[in-house]
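Colleague: Dropping a structure here in structure tokens format, bear with me for questions.
The values are calculated or read from the model by the stated rules, or taken from the named source; none is laboratory data. Treat the numbers as computed from the prediction; the structure is a model and nothing was measured. Cβ: placed from backbone, ideal geometry, glycine included. Neighbour counts: every protein chain shown.
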Amino acid sequence: MNIHEYQAKALFEKFGVPVPKGAAAKSAAEFDAALALLPEGPTMVKSQIHAGGRGKGTFTNGFKGGVKFCKTKADAKAMAGNMLNNTLVTLQTGPAGRKVQTVYFTVASDIKKEYYLAVLLDRATSRPVIVASTEGGVEIEKVAHETPEKIFKVYIDPAYGLADFQLRQLTTGLGLSSAEAKGAARLIKNLYTMFWETDAAMVEINPLITTPTGEVLALDAKVSFDSNALFRHPEIVALRDLNEEDSKEIEASKFNLSYIALDGNIACLVNGAGLAMSTMDIIKHFGGNPANFLDVGGGASKEQVVAAFKIILGDPNVQGIFVNIFGGIMDCNVIATGIVDAVKEVGLKLPLVVRLEGNNVNAGKATLAASGLTIVSGDTMADAAQKIVKLVA
């Protein structure tokens, strides 16, 4: 689960990570009250969407830049009016963009130097890792590609936590002065505490800055959380912004289905994440384009299958459906019954190819055959993939 920058910075403050003073507004009527919380002077106006590249983005109304510097609060108020309720398109949003429903005003900081800092889980070592670089304020992917030597990592033993010598490694690696290093060490330690105690998946500051007066501040904030741990954090769940999520993905979560919308035209309904990835790969291999990742899990019920079909058909780009089931725990006949019920309930007109294999497969195939519905059977995964690609061509 992702949250907005202004929400992330509120968490930063709670855990003692210094940030520039800021205030958010969700309507033009709230601009004055939000700006009244800030001192007069240079002010930043920042569009709040769940996507990076905001500063280089363009609004569909022609206004350029989702992050703007303003000399006065009056200028900031006018600038916010150009952003709120307009759609911002960035490299990460895709051409559809995201509607800006919140703007964030912050005090503009004097910047001496910009850095990059993040805490995330390294899956290869099953340990938290702190990633840092002297090259902040730019895409970290670009730094990793062009100057990888400017990125360094410190791995944390989860049983012991972040050690003092590791803090010294980080502040030394960033080339900070002794005064700056003290502030940075406190910031990093508190940031790690936040990462650990909130079950975050990633906490990123880009840029982390030093100021001419020796302060170390988190100028930006990007935080995502482990969805599997959210049951422990109702206060974080309350920060969820459904406006930033695909409506089909929201609906899928209600039925414990793992769904991610893609931009193709062949919908996939599969049991198991690995099989789902393989299904998308084989569709691409035979010249098709998957419209989604949809994992119904190892023990899906008939009701979940029906719900999955309805979610799939909520995507207007879908021109065909590929159901690929390998029954281990899953009973193929349960899936087959769900498919028949779903097709009848939604009045499916699109091509449907089904490949069943495994537990109770013969009963499942018999259920499909006896339904009287136009369902194309695939003998193998490759056979089924080729059939659905041909049907939607």
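Colleague: For residues in segment 93-138 being of a type in the set (Ser, Thr, Tyr) and in a strand (DSSP E or B), which is surrounded by the fewest Cβ atoms within 10 Å (Cβ to Cβ)?
Modeller: Result: Tyr104.
Colleague: Are there strands (runs of 3 or more DSSP E) fully within segment 290-393 with at least 1 residues that are closer than 22 Å to Ser247 by Cβ and not hydrophobic (A, V, I, L, M, F, W, C)? List them.
Modeller: Here the list reads 292-295, 320-327.
Colleague: I need the full set of residues from segment 68-124 which are among the small types (Gly, Ala, Ser) and under 30 Å from Phe152 (Cα atoms), in order please.
Modeller: The answer is Ala108, Ser109, Ala118, Ala124.
Colleague: Here's another thing I want to ask about it. Could you check, for segment 188-202, whether at least one of its residues is more than 30 Å from Ala51 (Cβ to Cβ) and out of contact with any strand residue (DSSP E or B) (no Cβ under 6 Å at 6 or more places or on another chain)?
Modeller: No, segment 188-202 contains no residue that is more than 30 Å from Ala51 (Cβ to Cβ) and out of contact with any strand residue (DSSP E or B) (no Cβ under 6 Å at 6 or more places or on another chain).
Colleague: Within segment 29-41, is even one residue farther than 13 Å from Phe105 by Cβ and out of contact with any Cys (no Cβ under 8 Å at 6 or more places or on another chain)?
Modeller: Yes, there is a match, as at least one residue in segment 29-41 is farther than 13 Å from Phe105 by Cβ and out of contact with any Cys (no Cβ under 8 Å at 6 or more places or on another chain).
Colleague: Considering each of Glu135, Glu114 in turn, give the residue that is touching a Gly at 6+ places or on another chain (Cβ under 7 Å) and not aliphatic (A, V, I, L, M).
Modeller: None of the other options fit; the residue is Glu114.
Colleague: Related question: Residues in segment 308-327: is at least one farther than 23 Å from Glu249 by Cα and modelled with pLDDT of 90 or more?
Modeller: Checked against the condition, which is being farther than 23 Å from Glu249 by Cα and modelled with pLDDT of 90 or more, segment 308-327 yields no hits at all.
Colleague: Against the conditions (1) at pLDDT 95 or above; (2) within 14 Å of the chain's Cα centre (by Cα); (3) not hydroxyl-bearing (Ser, Thr, Tyr), where does Ile205 fall short? Just the number, please.
Modeller: Failing condition for Ile205: (2).
Colleague: Here's something else I'd like to know. Does segment 289-342 hold any residues that are buried (at least 18 other Cβ atoms within 10 Å of the Cβ) and small (Gly, Ala, Ser), and which are they?
Modeller: Those that are buried (at least 18 other Cβ atoms within 10 Å of the Cβ) and small (Gly, Ala, Ser): Ala291, Ala300, Ala307, Ala308, Gly320, Gly327, Ala336, Gly338, Ala342.
Colleague: If you scan segment 25-54, which residues turn out to be modelled with pLDDT of 90 or more and under 24 Å from Met1 (Cβ atoms)?
Modeller: Ala25, Lys26, Lys46, Ser47, Gln48, Ile49, His50, Arg54
Colleague: When only residues in segment 1-51 that are in a loop (DSSP other than H, G, I, E, B) and among the charged types (D, E, K, R) count, which is surrounded by the fewest Cβ atoms within 10 Å (Cβ to Cβ)?
Modeller: So, considering only residues that are in a loop (DSSP other than H, G, I, E, B) and among the charged types (D, E, K, R), the one surrounded by the fewest Cβ atoms within 10 Å (Cβ to Cβ) is Glu40.
Colleague: Could you give every pair whose Cβ atoms fall below 7 Å, whose first residue belongs to segment 247-262 and is free of Cβ contacts under 8 Å to residues at least 12 places away in the same chain, and whose second residue is surrounded by fewer than 16 Cβ atoms within 10 Å (Cβ to Cβ), counting only separations of at least 6 or pairs across chains?
Modeller: Ile250/Leu242
Colleague: Quick test for you: out of Lys222, Lys254, pick the one residue that is modelled with pLDDT under 85 and among the basic types (Lys, Arg).
Modeller: That would be Lys254, the only listed residue that is modelled with pLDDT under 85 and among the basic types (Lys, Arg).
Colleague: Among residues belonging to segment 263-291 that are among the polar types (S, T, N, Q) and in contact (Cβ under 8 Å) with a residue 40 or more places away in the chain, point out the one that is nearest to Lys390 (Cα to Cα).
Modeller: Asn265
Colleague: What are the residue pairs meeting all of these: first residue in segment 149-174, first residue charged (D, E, K, R), second residue modelled with pLDDT of 95 or more and in a strand (DSSP E or B), Cβ atoms under 6 Å, and 6 or more apart or on different chains?
Modeller: Going by the 6 Å Cβ cut-off, the qualifying pairs are Lys150/Ser133; Lys153/Val129; Lys153/Val131.
Colleague: Go through Leu348, Leu368 for me and flag whichever is more than 34 Å from the chain's Cα centre (by Cα) and either closer than 22 Å to Phe293 by Cβ or surrounded by 15 or more Cβ atoms within 10 Å (Cβ to Cβ) (or both).
Modeller: Among Leu348, Leu368, only Leu368 is more than 34 Å from the chain's Cα centre (by Cα) and either closer than 22 Å to Phe293 by Cβ or surrounded by 15 or more Cβ atoms within 10 Å (Cβ to Cβ) (or both).
Colleague: If a residue must be buried (at least 20 other Cβ atoms within 10 Å of the Cβ) and not basic (Lys, Arg), how many such residues does segment 52-66 contain?
Modeller: Going through segment 52-66 one residue at a time, the tally reaches 2.
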